[in-house]
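Trainee: The structure is given below, and queries will be raised subsequently.
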Amino acid sequence: MGNNYELYKVFYWAAKTGSLTQAAKALYLTQPSVSHAIKQLEESFGVSLFYRNSKGVELTQEGMVLYSYIEQSQILITLAEEKMAALKNLDSGELRIGGSDSLFKHYVLPYLEQFHKLHPGVKLHLNHGTTPEVITFLKEGRIDLGVVRMPIVDPQLQVTESFQLQDCFVAGARYAELKNEVLTLDALLQYPIILFSRNSRARMTITELFHNYGYSIKPEIEVGSVDLLIEFARRGLGISYVTREFVSKELEEGSLFEVSLDIPLPPSHVGLLTMRNMPLSSAAKTFIGLVK
């Protein structure tokens, strides 16, 4: 049957309007080309689809059968076109992001709020996970973009945008005597240290750093979330290693203070990851644009 889509379109409009003239008008064609298209269809099926009446054309029995199918396909095509337009204009669709709880809460949230205000029709899906899990989500196509700690070296992935965070040690009122001190690593390690339990980037970085100076850092307490790292430090259970940007509120109000060390702590970078050779959805593109 080859390229019959155009012929079906002509058939559909002729049947719908009951007039070859109207069909020609709707499709910006001449009337002879409308007649010709219908003739082609009739020949290819070996049946007649219309007979003429005083007002124009009317479907034959066979024409009605064909129409019942073609009408459904036309409706579907129209829906498809509307759907594509909506996706392009971000009236619908979805934005699927992967990342850690703490990055969502402290970094991604303001952008998500902004995005949601601008495009309330787009569904948001947040998939929580560690960096390796987020990378797996991306490769399996379960998310459009990931927000993770750098560095990531993977030829399949692309870092579109990155920003800097600074990790630091913080303590609460219980250790107030350390407020204006600059501690050596030796002195710091006399205190109970609270670290993030999972094999997180931050945890690996600090372990490595101490190792390079010839110390091993053994936490007194390990917790599974940044919120607990913050809470435990506030309650005086020890000195927590956290991302400064995640405790800005506590540092401002004074429920936590930063413990100064005599060595610099390296900054860490967070990046927006996407799959290198995959087209991005409009929603993901727009979100990345917001972050930039």
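Trainee: Do any trypsin sites (Lys or Arg not before Pro) in the stretch 43-86 lie in a loop, going by DSSP, with at most 14 other beta-carbon atoms within 10 Å of their beta carbon, and if so which?
Mentor: Hits after loop and neighbour filter: 55.
Trainee: Using alpha carbon centroids, what distance separates the stretch 214-292 and the stretch 122-176, in Å?
Mentor: If you average the Cα positions of each part, the centres end up 10 Å apart.
Trainee: Right, something else. Can you give me the angle between helix 282-291 and the longest principal axis of the chain, using Cα atoms only, in degrees from 0 to 90, rounded to the nearest 10?
Mentor: With both axes taken from Cα atoms, the answer is about 30 degrees.
Trainee: Still on this structure: Along the charge dipole of the chain, pointing to its positive end and built from +1/-1 on Cβ of Lys, Arg, Asp and Glu, which listed residue (277, 66, 131) has its Cα farthest out?
Mentor: It is 66, whose Cα lies furthest towards the positive end.
Trainee: Per the Kirkwood definition applied to all pairs of different Cα atoms, how many angstroms is the hydrodynamic radius of the stretch 171-231? Intermediate results must be reported in sequence, preceding the final value.
Mentor: Working: mean 1/r = 0.0789 Å⁻¹.
Hydrodynamic radius (Kirkwood, Cα only) of the stretch 171-231 equals 12.7 Å.
Trainee: Per residue of the chain, what 222 nm ellipticity follows from adding -39500 (n - 2.57) for every DSSP H run with n ≥ 4, rounded to the nearest 500? Mind dumping the intermediate values first?
Mentor: Values: 11 runs with 125 residues, N = 292.
-13000 deg cm²/dmol, from helical runs alone.
Trainee: In µm²/s, what is D for the stretch 1-153 at 25 °C and 0.890 mPa s, where D = kT/(6 pi eta Rh) by Stokes-Einstein and Rh is the Kirkwood radius from Cα pairs? Before the final figure, lay out the partial values.
Mentor: Details: Rh = 19.6 Å.
Answer from the Stokes-Einstein relation: 125 µm²/s.
Trainee: Nearest 0.05, what FRET efficiency do residue 45 and residue 17 give at R0 = 22 Å with Cβ-Cβ as r?
Mentor: Details: r = 21 Å, r/R0 = 0.95.
The calculated FRET efficiency here is 0.55.
Trainee: Ranked from highest to lowest mean number of other Cβ atoms within 10 Å per residue, what is the order of the peptides 119-131, 279-291?
Mentor: Values: 119-131: 15.5, 279-291: 17.2.
With the highest mean Cβ count within 10 Å placed first, the list reads 279-291, 119-131.
Trainee: Where both partners of a DSSP beta bridge lie in the chain, what percent of those bridges are antiparallel, to the nearest 5? Kindly include the intermediate steps, with their values, before the conclusion.
Mentor: Values: 24 of 40 bridges.
Roughly 60 percent of the beta bridges in the chain run antiparallel, per DSSP.
Trainee: Contour minus end-to-end for residue 180 and residue 261, with contour as 0.36 nm per residue of separation and end-to-end as the Cα-Cα distance? Numbers along the way, then the final one.
Mentor: Numbers: separation 81, 0.36 × 81 = 29.16 nm, distance 1.07 nm.
Gain on stretching residue 180 to residue 261: 28.1 nm.
Trainee: Under the classification rounded if a/c is under 1.5, otherwise prolate if a/b is larger than b/c and oblate if not, where does the stretch 71-147 fall, given a ≥ b ≥ c as square roots of the Cα gyration tensor eigenvalues? Mind showing how you got there, number by number?
Mentor: Values: a/c = 4.61, a/b = 1.86, b/c = 2.48.
It is oblate, given that a/c is not under 1.5 and a/b is not larger than b/c.
Trainee: So what's the Cα pair-distance distribution over the stretch 1-65, bin width 10 Å, in %?
Mentor: 23, 61, 16, 0
Trainee: Find, among the chymotrypsin sites (Phe, Trp or Tyr not before Pro) in the stretch 1-110, those assigned to loop by DSSP (not H, G, I, E, B) with at most 14 other beta-carbon atoms within 10 angstrom.
Mentor: Details: sites: 5, 8, 11, 12, 13, 28, 45, 50, 51, 67, 69, 104, 107; in loops: 28.
Passing both the DSSP loop test and the Cβ count: 28.
Trainee: State in Å² the accessible area per residue of the chain; use a 1.4 Å probe, count heavy atoms of protein chains only, and round to the nearest integer.
Mentor: For the chain, the per-residue accessible area is 56 Å².
Trainee: What are the lysines whose alpha-carbon lies under 24 Å from the alpha-carbon of residue 16, with same-chain residues fewer than 8 places away excluded?
Mentor: Straight-line reach from residue 16, under 24 Å: 25, 39, 55, 83.
Trainee: Taking the chain as a Gaussian network, where each spring joins two C-alpha atoms under 10 Å apart, which residue of 73, 33, 255 fluctuates the most?
Mentor: Most flexible of the set in this elastic network: 33.
Trainee: Here's a follow-up. For residue 69 and residue 30 in one chain, what is 0.36 nm times their gap in residues minus the Cα-Cα distance, to one decimal in nm?
Mentor: Values: separation 39, 0.36 × 39 = 14.04 nm, distance 2.54 nm.
Full extension of this stretch gives 11.5 nm more.
Trainee: Longest segment of the chain with no GluC sites (Glu not before Pro) in a DSSP loop having at most 16 other Cβ atoms within 10 Å?
Mentor: On the way: sites that count: 140, 181, 220.
Within the chain, the longest run free of exposed GluC sites (Glu not before Pro) spans 1-139.
Trainee: Give the value in nm², to one decimal: projected area of the alpha carbon convex hull of the chain, averaged over all directions.
Mentor: On the way: hull surface 86.3 nm².
That works out to 21.6 nm².
Trainee: Now, a different point. Can you compute the label reach from residue 213? Point 7 Å from Cα along the Cβ direction, backbone N cut-off under 20 Å, restricted to the stretch 220-257.
Mentor: Residues passing the 20 Å test: 220-221, 238-245, 257.
Trainee: If you build a Gaussian network model of the chain, linking Cα atoms that sit under 10 Å apart, which residue out of 239, 77, 221 swings the most?
Mentor: The residue that fluctuates most here is 77.
Trainee: Just need the Rg to Rh number for the stretch 182-292, please, alpha carbons only, Kirkwood Rh. Provide the component values of the computation, followed by the final result.
Mentor: On the way: Rg = 17.3 Å, Rh = 16.2 Å.
Taking Rh as the inverse mean 1/r over Cα pairs, Rg/Rh reads 1.07.
Trainee: Additional query: How many nm separate the modelled label positions at residue 58 and residue 161, each set 7 Å beyond the Cα in the direction of the Cβ?
Mentor: 6.3 nm
Trainee: Helix 201-212 versus the longest principal axis of the chain: what is the Cα-based angle in degrees, 0 to 90, to the nearest 10?
Mentor: Tilt relative to the chain: about 30 degrees.
Trainee: Provide the net charge surrounding residue 26, with neighbours chosen by a C-beta distance below 11 Å and charges set as Lys +1, Arg +1, Asp -1, Glu -1. Intermediate results must be reported in sequence, preceding the final value.
Mentor: Values: positive: 9, 16, 25; negative: none.
Around residue 26, the surrounding residues sum to +3.
Trainee: Calculate how large, on average over all directions, the projected area of the Cα convex hull of the stretch 59-106 is; give the answer in nm² to one decimal. Don't skip to the end; give the middle numbers.
Mentor: On the way: hull surface 20.9 nm².
Quarter of the Cα hull surface area: 5.2 nm².
Trainee: Let me ask something else. Pairing the Cα long axis of helix 5-17 with the longest principal axis of the chain, what angle in degrees results, from 0 to 90 and rounded to the nearest 10?
Mentor: Helix 5-17 sits at roughly 70 degrees to that axis.
Trainee: To continue, here is another question. Within the stretch 133-204, which trypsin sites (Lys or Arg not before Pro) sit in a loop by DSSP and count at most 16 neighbouring Cβ atoms inside 10 Å? Don't jump to the answer; show the numbers that get you there.
Mentor: Numbers: sites: 139, 142, 149, 174, 179, 198, 201, 203; in loops: 142, 179, 198.
Here the sparse-neighbourhood loop sites are 142, 179, 198.
Trainee: Another question about this same structure. Given a 1.4 Å probe and every protein chain left where it sits, what share in percent of the accessible area of the chain is carbon and sulfur? It would help to have the intermediate numbers written out before the result.
Mentor: Working: 8700 of 16250 Å².
Here carbon and sulfur together make up 54 percent of the probe-accessible area.
Trainee: Of all DSSP beta bridges in the stretch 148-246, what percent run antiparallel (nearest 5)? Can you show the working numbers first?
Mentor: Values: 4 of 9 bridges.
In the stretch 148-246, approximately 45 percent of DSSP beta bridges are antiparallel ones.
The values are calculated or read from the model by the stated rules, or taken from the named source; none is laboratory data. In this text, all values refer to a predicted model and were calculated from it rather than measured experimentally. Don't worry about glycine lacking a Cβ; one is built from the backbone with ideal geometry, like all the others, and counts go over all protein chains shown. Surface accessibility is based on the protein's heavy atoms, side chains included, excluding ligands, DNA and RNA. Shrake-Rupley method; radii C 1.70, N 1.55, O 1.52, S 1.80 Å.
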